[in-house]
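> Starting off with a structure, shown below.
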């Protein structure tokens, strides 16, 4: 085993802030939706709006960070080993098999994660955020104090926003659970907190030697 | 970042709303009259008739009577465009309500609220300036009252000279002498206009409160050239010349832009008048069909514990309400009115159909008082009947004296020039009374969750045609979403359970293997 620095400072800050905001937005959002009552509609709506602006700012920074650091490449989808990865979660891990792919600072994401996170970034978040912004500005007062009403029916906007919210909740549940499938149940979460993860150091594992493993090996040798 | 946000969220410092403070300052300065009418020689005389007072007024205010004679207060009708009818004159002269039904054939009594002298049954000279009653609106001595059933003439007890010397801008007393008493008693018709407003606290009405701004009616209902701003949709039908909150408060009066945006579809009144009839009760229902019962040949009345009539032989039975929660409707400022002679084409018959819908850009949600009841109609011609109610002596055909519907119907319809078949019945009718007064202090305004709620008793539970967050949701989507959410929780739990089971088995197996090997070695 060796400790590898996988998650950079900003990445961890982004991840946890986004997590907190999404959970908070879910609580306030579903209260506005009428699913339950905790804070009271008025507070829920107000806090939801404040938190949504924070999330938007965070997302802008995150997009910037992804492009500047080139980290966006982590999400380039691949079908290579995708099937193996799915089979591993479905059956392999019960049989005590090893992860079919190796994790490193350069390939943090396995093929399944790449696909799911790309969907998260390109579909789930945009749908929710864009419908949320439309929701927010649905009726606006312009500079001349006259009210401009959007021609888009709120019903449709609310549909997409709610759909996004439900899917995000499903993502949250599965995502949190999947963090326990690392080397130890808490190793993934520890990595997202400290930035360092203990990765298996298995030169002899020939079945899963990938390009990155080679780099790892080289680094190790170096 | 979180600390920053929390500080922002949790801070509850109260800001002064400078817009509001400015308005308060403006209205705190009460106008002082620039003249003292008691010093005018022409008014220091004994007036024989009220018309002589009017002449004295006109001798200085030489053209004002022309303005008055162009007003709806004088003409009891306005020319307006009514959707589906075209341009029509409508007003008290040709509409019907479900309170005392209508003024026609009852002018002798109803003219108590006409700004003229001498309006007797079907006779009034609208061209005679001498008949303009200046005093009813401009008396500041609170001594002027019109007589009961005196065709609009003042009560005999009024000292005309005294009144004429104490005239000025109209006060709440002047407007209220008619507008508080519509329908035959205090607060009967409107529900939000009543005598309590003459001396109420801010909880009843922030604008007119004695301990508040103490504003007069004309502060909002300005009267440039005697044309009052504002109208009531039991007698009006077009979206012009209305008095609005926005005329002072602008349409962005709140700090919170989200609340300001509500103004696109929600009227100010909808949130700021949480209830009406806050002091005295208002009539909610009036059933004419039950009128005419006599005890020992005499008419009688029954009162409830609050002292409100719940039955009178002359009018029928009533329902009252205090602290009533308004109903809510879409309204774009136009209405269709039932005019005398119109066919009854719906049941219940809506006497003043307020137009509006969510998709109409002009429409907003307004609070209304809904007044229901039943009233007499002609079964053959299928039109509402204008009965003669008021009379002076037995045998006049007046229902209030003779209790004979056929005669009252015949006399009334004869006067309005409509046929009467001789067959009458009672038809259910509905009237909508927009609630615009009794604005509550801001901390009593309707809270968000009173509308944004799935509860069936939410204030807007009955309004349709739009998506209201918190009230509406897509049922299939919610079902699918909640199912997926719990299915995913179930899924990961099952997955976790299998992992735990497998790892327990594996441990046992490994231990077994080790034992087995040990055994082998031994």
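> Here are the criteria: (1) under 27 Å from residue B:326 (Cα atoms); (2) more than 14 Å from every other protein chain (Cβ to nearest Cβ); (3) in a strand (DSSP E or B). Tell me which single one residue B:356 does not satisfy.
Here residue B:356 clears every test but (3).
> Which residue is farthest from the other protein chains (Cβ to nearest Cβ), if the candidates are limited to the stretch B:241-282 and must be on the phi > 0 side of the Ramachandran plot and surrounded by fewer than 19 Cβ atoms within 10 Å (Cβ to Cβ)? Break it down stepwise before answering.
The initial filter retains those residues of the stretch B:241-282 that are on the phi > 0 side of the Ramachandran plot, namely B:241, B:250, B:277.
Then drop every residue that is not surrounded by fewer than 19 Cβ atoms within 10 Å (Cβ to Cβ), which leaves B:241, B:250.
Numbers: B:241: 20, B:250: 6 Å.
Looking at residues that are on the phi > 0 side of the Ramachandran plot and surrounded by fewer than 19 Cβ atoms within 10 Å (Cβ to Cβ), I get B:241.
> Within the stretch B:153-173, is there a residue that is closer than 15 Å to residue B:50 by Cβ, within 28 Å of the chain's Cα centre (by Cα) and either outside the structural domain of residue B:230 (by TED's automatic domain parsing) or surrounded by 18 or more Cβ atoms within 10 Å (Cβ to Cβ) (or both)?
Checking the stretch B:153-173: not a single residue is closer than 15 Å to residue B:50 by Cβ, within 28 Å of the chain's Cα centre (by Cα) and either outside the structural domain of residue B:230 (by TED's automatic domain parsing) or surrounded by 18 or more Cβ atoms within 10 Å (Cβ to Cβ) (or both).
> If I filter the stretch A:57-69 down to residues being closer than 22 Å to residue A:172 by Cα and away from every other protein chain (no Cβ under 12 Å), which single residue comes out as surrounded by the most Cβ atoms within 10 Å (Cβ to Cβ)?
Of all residues in the stretch A:57-69, those closer than 22 Å to residue A:172 by Cα come to A:57-63, A:66.
Applying the additional criterion that residues be away from every other protein chain (no Cβ under 12 Å) yields A:59-60, A:62-63, A:66.
On the way: A:59: 17, A:60: 10, A:62: 21, A:63: 12, A:66: 17.
Step by step, filter the stretch A:57-69, then rank; the result is A:62.
> Any residue in the stretch A:180-199 that's under 15 Å from residue B:499 (Cβ atoms): show its pairings with residues that are part of a helix (DSSP H, G or I) at Cβ separation under 6 Å, as long as the two are six or more apart or on different chains.
Hits for this filter: A:182/A:188; A:188/A:179.
> For residue B:62, indicate whether it is within 14 Å of chain A (Cβ to nearest Cβ) and surrounded by fewer than 13 Cβ atoms within 10 Å (Cβ to Cβ). Don't jump to the end; show me each part of the working.
Details: within 14 Å of chain A (Cβ to nearest Cβ): no; surrounded by fewer than 13 Cβ atoms within 10 Å (Cβ to Cβ): yes.
Against the criterion (within 14 Å of chain A (Cβ to nearest Cβ) and surrounded by fewer than 13 Cβ atoms within 10 Å (Cβ to Cβ)), residue B:62 does not qualify.
> Can I ask one more? Residue check, residue B:328 against (1) under 18 Å from the mean Cα position of the chain (by Cα); (2) modelled with pLDDT under 95, all met but one. Which one?
The number of the failed condition is (2).
> Something else about it: If I ask for residues that are touching a residue at least 60 places away in the same chain (Cβ under 8 Å) and away from chain A (no Cβ under 11 Å), which ones from the stretch B:364-377 would you list?
First, pick out the residues of the stretch B:364-377 that are touching a residue at least 60 places away in the same chain (Cβ under 8 Å): B:364-376.
Those that are touching a residue at least 60 places away in the same chain (Cβ under 8 Å) and away from chain A (no Cβ under 11 Å): B:365, B:366, B:367, B:368, B:369, B:370, B:371, B:372, B:373, B:374, B:375, B:376.
> Which pairs have Cβ atoms under 9 Å, sit 6 or more apart or on different chains, and link a residue in the stretch A:38-56 that is facing chain B (nearest Cβ under 8 Å) and on the phi > 0 side of the Ramachandran plot to one that is in a helix (DSSP H, G or I) and surrounded by 16 or more Cβ atoms within 10 Å (Cβ to Cβ)?
Sorted first by the residue in the stretch A:38-56, then by its partner, the pairs are A:40/A:31; A:40/B:448; A:40/B:449.
> Return a yes/no flag: does the stretch B:31-54 have any residue that is farther than 30 Å from residue B:126 by Cα and assigned to a helix (DSSP H, G or I).
yes
> Continuing with this model, one more query. Being on the phi < 0 side of the Ramachandran plot, assigned to a loop (DSSP other than H, G, I, E, B) and at the interface with chain A (Cβ under 8 Å from one of its Cβ atoms) is the filter here, so list the residues in the stretch B:450-471 that pass it. Let's see the steps before the verdict.
As a first pass, look at the stretch B:450-471 and keep what is on the phi < 0 side of the Ramachandran plot: B:450-464, B:466-469, B:471.
Now drop any that are not assigned to a loop (DSSP other than H, G, I, E, B), which leaves B:451-464, B:466-468, B:471.
Passing the criteria: B:452, B:453, B:454, B:466, B:467, B:471.
> Follow-up question, since we're still on this one. Could you tell me which residue of the stretch B:105-124 is surrounded by the fewest Cβ atoms within 10 Å (Cβ to Cβ), considering only residues that are at negative phi and touching a helix residue (DSSP H, G or I) at 6+ places or on another chain (Cβ under 6 Å)? Even if it seems obvious, please write down each step before you answer.
Pass one, the stretch B:105-124, residues at negative phi: B:106-117, B:119-121, B:123-124.
Applying the additional criterion that residues be touching a helix residue (DSSP H, G or I) at 6+ places or on another chain (Cβ under 6 Å) yields B:113, B:115-117, B:119-121.
Values: B:113: 18, B:115: 23, B:116: 26, B:117: 25, B:119: 23, B:120: 13, B:121: 20.
Looking at residues that are at negative phi and touching a helix residue (DSSP H, G or I) at 6+ places or on another chain (Cβ under 6 Å), I get B:120.
> Being part of a loop (DSSP other than H, G, I, E, B), in the same structural domain as residue B:88 (by TED's automatic domain parsing) and either surrounded by 14 or more Cβ atoms within 10 Å (Cβ to Cβ) or touching a residue at least 24 places away in the same chain (Cβ under 8 Å) (or both) narrows it down to one of B:307, B:341, so name that one. Walk me through it before giving the result.
Values: B:307 fails: either surrounded by 14 or more Cβ atoms within 10 Å (Cβ to Cβ) or touching a residue at least 24 places away in the same chain (Cβ under 8 Å) (or both).
After applying the criteria, what remains is B:341.
> Of the conditions (1) under 30 Å from residue B:414 (Cα atoms); (2) more than 22 Å from the chain's Cα centre (by Cα); (3) in a strand (DSSP E or B), residue B:336 satisfies every one except a single condition; which number is it?
Unmet condition: (2).
> Looking only at the stretch B:175-213, count how many residues are surrounded by fewer than 17 Cβ atoms within 10 Å (Cβ to Cβ) and without any contact (Cβ under 8 Å) to a residue 12 or more places away in the chain.
Residues meeting the conditions: 4.
> Quick test for you: out of B:225, B:140, B:211, pick the one residue that is over 26 Å from residue B:433 (Cα atoms) and out of contact with any helix residue (DSSP H, G or I) (no Cβ under 9 Å at 6 or more places or on another chain). Give the derivation first.
Working: B:225 fails: out of contact with any helix residue (DSSP H, G or I) (no Cβ under 9 Å at 6 or more places or on another chain); B:140 fails: out of contact with any helix residue (DSSP H, G or I) (no Cβ under 9 Å at 6 or more places or on another chain).
Exactly one residue qualifies, and that residue is B:211.
> For the stretch B:318-360, enumerate the residues that are out of contact with any strand residue (DSSP E or B) (no Cβ under 7 Å at 6 or more places or on another chain) and farther than 15 Å from residue B:97 by Cα.
B:322, B:323, B:325, B:332, B:333, B:334, B:345, B:346, B:359, B:360
> Still on this structure: Condition first: surrounded by fewer than 18 Cβ atoms within 10 Å (Cβ to Cβ) and more than 9 Å from chain B (Cβ to nearest Cβ). Now tell me which residues in the stretch A:28-37 satisfy that.
A:36
> Among the residues that make up the stretch B:479-498, is at least one of them within 10 Å of another protein chain (Cβ to nearest Cβ), surrounded by fewer than 14 Cβ atoms within 10 Å (Cβ to Cβ) and modelled with pLDDT under 95?
Yes; the residues of the stretch B:479-498 include at least one that is within 10 Å of another protein chain (Cβ to nearest Cβ), surrounded by fewer than 14 Cβ atoms within 10 Å (Cβ to Cβ) and modelled with pLDDT under 95.
The values are calculated or read from the model by the stated rules, or taken from the named source; none is laboratory data. Note that this is a predicted model, so its numbers are computed, not measured. Reconstructed Cβ throughout: ideal geometry from the backbone, glycine too, with neighbour counts over all protein chains shown.
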